[in-house]
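Below: one structure, written as structure tokens.
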Amino acid sequence: MPAKIIYGKEISAQIRVELKERVDRLKARGVTPGLGVVLVGEDPASVSYVTAKAKGAEEIGMFEETIRLLPTSTEEEVLATVDRLNRDPRFNGILVQLPLPKWVNPDKVISFISVEKDVDGFHPINVGKLLRGEPCAIPCTPYGVVQMLIRSGYSPEGKHVVICGRSNLVGKPLAALLVQKKKGANATVTICHTGTKDLPSFTKQADILVAAMGAPRVITAGMIREGCVVIDVGVNRVPDPASPKGYRLVGDCDFDGMLKKAEAITPVPGGVGPMTVTMLLLNTVEAAERKAN
Ligand code: GUN
């Protein structure tokens, strides 16, 4: 049987219906959840992410403002913008789109966002809370991966999840989330990375494989076992003369090759991507609810 395809768009749509109801309830109490997005420069991928975030926020009735700063902006200018958003009570959530220009220190900027408004979950205090299993904003991509698994009937509980990639944005927080002694987590987790010797010997042990390496189609069908559930976080541009843009998007996994072998697999695009935006909206609504209560 061909693999079930897990569409993030469909799961996102369900969650956004639930979120709109929560936003409506907040509005009835006189509170409109607000998201402030800071975009420095015009990197096309960043512009498209930020546009999706703004559109998603507006669709569920949230207040959203994108502050676009010049590509030549200094660190002081970025910090001053974050300071303004920190102080402005209309914003429950602040997101500074990464990457930043190379002269702006992302760690400094992220640490400057108030912990309560850090809807990316990147602030060191939120990172620490996540590791300790305390309530906090959960980074959006790992949160989206876990929600996709649970809502498509593949709970990670008791499963061996092999994560390929150890980034601070995906691999490490996802591992911290999955090992928690909680419903919807409680998995056995292996993290593989560029220092891993004999990668296939690990990926073949996975009940659930999460690919987050950022390299096009490097995980092939021969590297997974029959019945594996594959979550592909990668978004890579590959040249495609047939496409009007001259490129197309592919994941870190060989999607077509895995269709016959996997139990379920996420597509790229239309898989994890839409979930990331939805979890950002969820974190912002939760921040507004916390403040309102
Ligand atoms: N750039 C790519 N993904 C992300 C993300 O999840 N948050 C932020 N702030 N920037 C990103």
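The values are calculated or read from the model by the stated rules, or taken from the named source; none is laboratory data. No experiment lies behind these values; they were computed from the predicted model shown. Cβ atoms come from the backbone with ideal geometry, glycine included; neighbour counts cover every protein chain shown. Ligands, DNA and RNA are stripped out before the accessible areas are found, and what is left, the full protein with its side chains, is counted by its heavy atoms. Shrake-Rupley method; radii C 1.70, N 1.55, O 1.52, S 1.80 Å.
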Between helix 44-59 and the chain, what is the angle of the helix's C-alpha long axis to the longest principal axis, kept within 0 to 90° and rounded to the nearest 10? 70
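Going down the table (K183/K261; K172/K197; K20/K261; K55/K108; K129/K291; K9/K181), which pairs top 26 Å between alpha carbons?
Details: K183/K261 28 Å; K172/K197 19 Å; K20/K261 38 Å; K55/K108 28 Å; K129/K291 19 Å; K9/K181 29 Å.
Those over the limit are K183/K261; K20/K261; K55/K108; K9/K181.
Determine the sum of side-chain charges near D88: Lys and Arg each +1, Asp and Glu each -1, restricted to other residues whose C-beta is under 10 angstrom from that of D88.
Values: positive: R84, R87, R90, K117; negative: E65, D83.
Around D88, the surrounding residues sum to +2.
How would you classify region 52-93 from its alpha-carbon gyration tensor, with a ≥ b ≥ c the square roots of the eigenvalues: rounded for a/c under 1.5, else prolate if a/b is greater than b/c, otherwise oblate?
Numbers: a/c = 4.32, a/b = 1.60, b/c = 2.70.
Because a/c hits 1.5 or more and a/b fails to exceed b/c, region 52-93 counts as oblate.
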Cα axis of helix 140-151 to longest principal axis of the chain: angle in degrees, 0 to 90, nearest 10? 50
extent check for region 77-178: Cα max minus min per principal axis, descending, whole Å, gives 46, 30, 24
Provide the solvent-accessible area of C136, counting protein heavy atoms only and rolling a 1.4 Å probe, rounded to the nearest 10 Å². 30
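Which value results when the Cα radius of gyration for the chain is divided by 2.2 N^0.38 Å? Display every interim value, and only then the final one.
On the way: Rg = 19.1 Å, N = 293, 2.2 N^0.38 = 19.0 Å.
Ratio of Cα Rg to 2.2 N^0.38 Å: 1.00.
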Rolling a 1.4 angstrom probe over the protein chains, ignoring ligands and nucleic acids, what is the accessible area of H160 in square angstrom, nearest 10? 30
Dimensions of region 1-150 along principal axes (Cα, Å, largest first)? 53, 43, 35
Nearest 10 degrees, 0 to 90: helix 272-292 Cα axis against the chain principal axis: 40
Answer in debye to the nearest 20: the dipole magnitude of the chain about its Cα centre, from +1 Lys/Arg and -1 Asp/Glu charges placed on Cβ, is 580
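Is region 140-273 rounded, prolate or oblate when judged by the Cα gyration tensor, a ≥ b ≥ c being the square roots of its eigenvalues, rounded requiring a/c under 1.5 and prolate requiring a/b larger than b/c? Display every interim value, and only then the final one.
Values: a/c = 1.63, a/b = 1.51, b/c = 1.08.
The shape class here is prolate.
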Pick out which of T278, T74, T66 has the largest mean-square fluctuation in a Gaussian network model of the chain, springs linking Cα atoms closer than 10 Å. T74
Note, region 220-237: 3J(HN,Hα) by Karplus (6.51, -1.76, 1.60, θ = phi - 60°), whole Hz, Gly/Pro = x, goes 10, 4, x, 9, 10, 8, 4, x, 6, 9, 10, 10, 9, 8, x, 9, 10, 8
